[in-house]
Amino acid sequence: MKSLQKNLIMSFSLLMASILAGLGIILSQLFPVYVEDAVRSNTINTGEEIAQVLENSGDGLSDDQLIEVNKILSDVEHGKEFNEIRQKLWLIIGIVLVGAFLMMILFTIRMAKKHAQPIDNVTEVAIELAKGNYRARAFEDETSNSVHLSTSINILARNLQDISKTREIEKERLKTLIENMGSALLMIGRDGQVTIVNKSFLTQFSRKLTDVQDHSFKGVGLPKELEDLIDFVFLTESSIRKQLRLTLKQDQRHMEVYGAPVIGEYGRWLGVVIVMHDITDLVRLEQIRKDFVANVSHELRTPVTSIKGFTETLLDGASNDKNTLNTFLEIIHQESNRLQDLIEDLLELSKIEQHGFSVEHTIINLKEVMMRAAEMTGPRLDEKNMVLKYNFEQDIFVEGDFNRLIQVLMNLLTNAITYSPENTTITMDLSETESSGIMLIQDEGIGIEETEIPRIFERFYRVDRARSRNSGGTGLGLAIVKHLIEAHQGKITVKSSIGKGTRFEISIPKKQST
């Protein structure tokens, strides 16, 4: 595209060339006539002057001689000298016209540069702004008449640049928010194509971005329940909130799904947005709470019912029989102890689960902890004729609470003795890694189903309910163990096989992080 400056120069050049050409044509027509008349007049005057001179001198000329003189002068008019003079005059006129043309061109260029160049500069900046280059700026010349235009276009450019930066920041914030939000997000256009999907969705549904982005939502393999909810929002154009149970990664997950239509300006339908929040842990915790209420009610009801029943029997007259009285009192005593143990374990667990609970961190020897726990469980091992093998010859020092770790081992050893048949072996081992001390307890008991292992640390969860109740257990031991290990910033893992036994491995950091 030609600039305004070039267009003005060309236009003025053509205009000046046309004017000067017209002037030249006019001169070319008038000048010869003027010259010939002037020469003829000069010739006649010259002849008359010659005749007058000769007449004054007494030598007059005859008419024939006078005609001869005029003829000679006329020949001079058309002679070579005259032609040379005429050519010089034409040359001078041509030089004058060309010089005038060049001066007009220079003047035009200067004027165009002064008035048109700033406009061309503003035009170029406007084109760059239209292309999205908001860093372009126009030159501001205070002496130019277009300085206000340049200033205005620069203000516009700065405003556009600020708006662009603001939009980029908002876009980046929105992208960061969408990508890092804990809930899965899926946005579907009015044509059913997936337009936006975040990392949480791809992770939860085990999908790649290329397999979802710009694909129809019916072709990305969503669970049928979710597809039906999306169809409902499309058909009704109304919001919906619903809890769905979806199978993801061969696992049952509970999702709270919120679907809503996306409406733009002037009521324009843009599509559907789906937000999915994984509430599996909340559902599980709610179920645990319900189970806890049911279990603790049952656990408390059993000893209370026994105590109340035997007490009423004694009040009805059974106390007169000494043997019956002693038997009933012994049962009441046992049930009272069981009730007391249950209440103490509940209080202990409640204390451990309180926010801010911590254990004392001192340098302790894990070898001494395991030896003390083994000594305290000795009588119970003898009752079932069981053997305790141990391998903890080396001293391993960690930061922890001596009494709390003994409590952990006592719970695990008690369970190992309870769930193992007579004449079996329990193995205790002690080892270390570069950063942790590791305690191992292996029994030869009834074992645990693989599907039940994740639940054994829940409160009141029992692998063998009848047997564990008869053993006097409260069902809270492993829950206490888990919380105490976590308070030591440690880790406990379980491996078990039905009929072969169970293995508990406890890892305690040598140095607690602050």
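The values are calculated or read from the model by the stated rules, or taken from the named source; none is laboratory data. Note that this is a predicted model, so its numbers are computed, not measured. Every residue, glycine as well, gets a Cβ built from its backbone with ideal geometry; the counts of neighbours run over all protein chains shown. The protein model used for the area step is the full one, side chains on, heavy atoms only, and it has no ligands, DNA or RNA in it. Shrake-Rupley method; radii C 1.70, N 1.55, O 1.52, S 1.80 Å.
Quick notes on this one:
- Residue that is least open to solvent (accessible area, probe 1.4 Å) [pool: residues in the range 164-191 that are part of a helix (DSSP H, G or I) and closer than 24 Å to Met255 by Cα]: Ile178
- Annotation for the range 464-473: no member residue is under 20 Å from Ser431 (Cβ atoms), polar (S, T, N, Q) and either outside any helix (DSSP H, G or I) or at pLDDT below 80 (or both).
- Strands (runs of 3 or more DSSP E) within the range 382-452 that include 2 or more residues closer than 21 Å to Lys500 by Cβ and open to solvent by 70 Å² or more (accessible area, probe 1.4 Å): 387-391
- When Val212, Val233 are checked against the criterion of being of a type in the set (A, V, I, L, M) and more than 18 Å from Ala260 (Cα to Cα), Val212 stands alone in meeting it.
- Glu458 meets each of the listed conditions (1) outside any helix (DSSP H, G or I); (2) in contact with a strand residue (DSSP E or B) (Cβ under 8 Å, 6 or more places away or on another chain); (3) at pLDDT below 85 apart from (2).
- Condition check for Ser497: farther than 18 Å from Leu413 by Cβ, at pLDDT below 90 and of a type outside the set (D, E, K, R): yes
- Members of the range 277-291 found to be surrounded by 15 or more Cβ atoms within 10 Å (Cβ to Cβ) and part of a helix (DSSP H, G or I), listed by number: Thr280, Val283, Ile288, Asp291
- Restricting attention to the range 189-209, the residues that are of a type outside the set (D, E, K, R), modelled with pLDDT under 85 and over 19 Å from Thr176 (Cα atoms) total 2.
- Test set (1) modelled with pLDDT under 85; (2) closer than 25 Å to Thr424 by Cβ - Ile492 fails condition number: (1)
- Every pair of residues 6+ apart whose Cβ atoms lie under 9 Å, when the first sits in the range 222-236 and is within 17 Å of Ala184 (Cα to Cα) while the second is open to solvent by 60 Å² or more (accessible area, probe 1.4 Å) and in a helix (DSSP H, G or I): Glu227/Lys218; Ile230/Lys218
- Qualifying positions in the range 231-252 - open to solvent by 60 Å² or more (accessible area, probe 1.4 Å), outside any loop (DSSP other than H, G, I, E, B) and either farther than 23 Å from Gly219 by Cβ or not β-branched (Val, Ile, Thr) (or both): Phe232, Leu235, Arg241, Lys242, Gln243, Arg245, Asp251, Gln252
- Residue check for His298: farther than 30 Å from Phe217 by Cβ, at pLDDT below 80 and open to solvent by 30 Å² or more (accessible area, probe 1.4 Å): yes
- Members of the range 210-258 that are farther than 18 Å from Lys199 by Cα and among the polar types (S, T, N, Q): Ser216, Thr236, Ser238, Ser239, Gln243, Thr247, Gln250, Gln252
- Only a single criterion out of (1) hydrophobic (A, V, I, L, M, F, W, C); (2) outside any helix (DSSP H, G or I); (3) within 30 Å of Thr302 (Cβ to Cβ) is not satisfied by Val359, namely (3).
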